[in-house]
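Below is one structure, written out as structure tokens, with a few remarks after it.
The values are calculated or read from the model by the stated rules, or taken from the named source; none is laboratory data. If you're wondering where the values come from, they're calculated on a predicted model, not measured in any experiment. The protein model used for the area step is the full one, side chains on, heavy atoms only, and it has no ligands, DNA or RNA in it. Shrake-Rupley method; radii C 1.70, N 1.55, O 1.52, S 1.80 Å.
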Amino acid sequence: EAAVTQSPRNKVAVTGGKVTLSCNQTNNHNNMYWYRQDTGHGLRLIHYSYGAGSTEKGDIPDGYKASRPSQENFSLILELATPSQTSVYFCASGPGTANTEVFFGKGTRLTVV
Amino acid sequence: GEKVEQHQSTLSVREGDSAVINCTYTDTASSYFPWYKQEAGKSLHFVIDIRSNVDRKQSQRLTVLLDKKAKRFSLHITATQPEDSAIYFCAASKYQGGRALIFGTGTTVSVSP
């Protein structure tokens with residue numbers, strides 16, 4: 001079964017601090033994604049990647065950076081965390097072929113105080 | 001860009017009845033429409049999808065209908081069971097090198113005995 005592992009699972013950060021959320025997949029998938037989930041908004045796409053070295057902006061990229069140093073790893077970076085970034089963040093991976101299933105990690109609950 | 005609207009935020013049904021969740025999308029180029037399920041406190045997992053070359057797909061108690069003219073698709077759950085209680089997300093994607101899924105806001109389905 002496809003495996004997507006996120007760390008940490010829970011994080012409390014201070015306003016203005018730097019936060020890095022990590023994601024690792026062992027599926028050899030080309031594509032990886034970062035979403036955030038908020039009540040009333042569903043899942044919103046932050047950044048995604050087509051492969052090592054590539055990052056693309058999603059629908060809500062402001063305040064976030066992404067890094068894809070290898071096929072397996074995709075990080076989401078909040079350089080200056082703000083309380084509005086308190087959310088649950090999901091990483092996902094997919095093979096990148098046409099119209100195929102995407103696999104999600106278990107999520108990271110981030111609270112910025 | 002693509003927008004996906006999910007019109008019911010909650011849906012309550014009696015066990016054994018049918019449930020229908022409706023979604024609309026804006027981009028006529030979208031060609032892939034999956035549904036994901038999120039049980040309480042858990043991550044999302046894939047349940048069923050439909051591609052734009054068909055207008056109906058069934059898998060056990062789940063049926064997806066696609067009306068490309070109206071840019072509308074729906075998930076039908078028959079003979080509902082308590083384990084069907086969850087948040088259901090519809091999504092849409094147009095394949096351009098593995099373009100990311102754009103999700104609706106989710107429908108919380110509650111199945112009561």
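The A and B chains share an interface that buries close to 1800 Å² of accessible area, total over both sides, probe 1.4 Å. Using a probe of 1.4 angstrom, how much of the accessible area of chain A is carbon and sulfur, in percent? Summing carbon and sulfur atoms, their accessible area is 49 percent of the total for chain A. Considering only C-alpha atoms, what is the centroid distance from the range B:67-91 to the range A:59-113, in Å? First find each Cα centre; the distance between them is then 26 Å. Per residue, the average separation of C-alpha pairs within less than 8 Å and at least 6 apart gives chain B a relative contact order of 37 percent. Working from Cα pairs under 8 Å separated by at least six residues, relative contact order for chain A is 35 percent. Cross-link partners for B:K42 among the lysines, with Cα-Cα distance under 21 Å and sequence neighbours closer than 8 places in the same chain left out: A:K11, A:K106.
Quick check: at a probe of 1.4 Å, how many percent of the accessible area of the range B:1-84 sits on carbon and sulfur atoms?
On the way: 2070 of 4530 Å².
In the range B:1-84, the share of accessible area belonging to carbon and sulfur is 46 percent.
Taking 37 °C and 0.692 mPa s as conditions, the range A:24-113 diffuses translationally at an estimated 247 µm²/s according to Stokes-Einstein applied to its Kirkwood radius (Cα pairs).
For chain A, a Gaussian network of Cα nodes joined below 10 Å ranks A:F103, A:F90, A:F74 by mean-square fluctuation, and the top entry is A:F103.
Based on the Cα gyration tensor of the protein assembly as shown, what are the three equivalent ellipsoid semi-axes, each the root of five times an eigenvalue, rounded to whole Å and given largest first? Let's see the in-between values first.
Values: eigenvalues 174, 83, 48 Å².
Sorted largest first and rounded, they come to 29, 20, 15 Å.
Using the heavy atoms of the protein chains and a 1.4 angstrom probe, tell me the accessible area per residue for chain B in square angstrom. Each step should come with its number before you reach the end.
Details: 5460 Å² over 113 residues.
Roughly 48 Å² per residue, with all protein chains present.
Using θ = phi - 60° in the Karplus curve 6.51 cos²θ - 1.76 cosθ + 1.60, the 3J(HN,Hα) couplings for the range B:9-23 round to 7, 9, 8, 10, 9, 8, 3, x, 7, 9, 10, 10, 10, 10, 9 Hz; x is entered for Gly and Pro.
Cross-link partners for A:K18 among the aspartates and glutamates, with Cα-Cα distance under 14 Å and sequence neighbours closer than 8 places in the same chain left out: A:E79.
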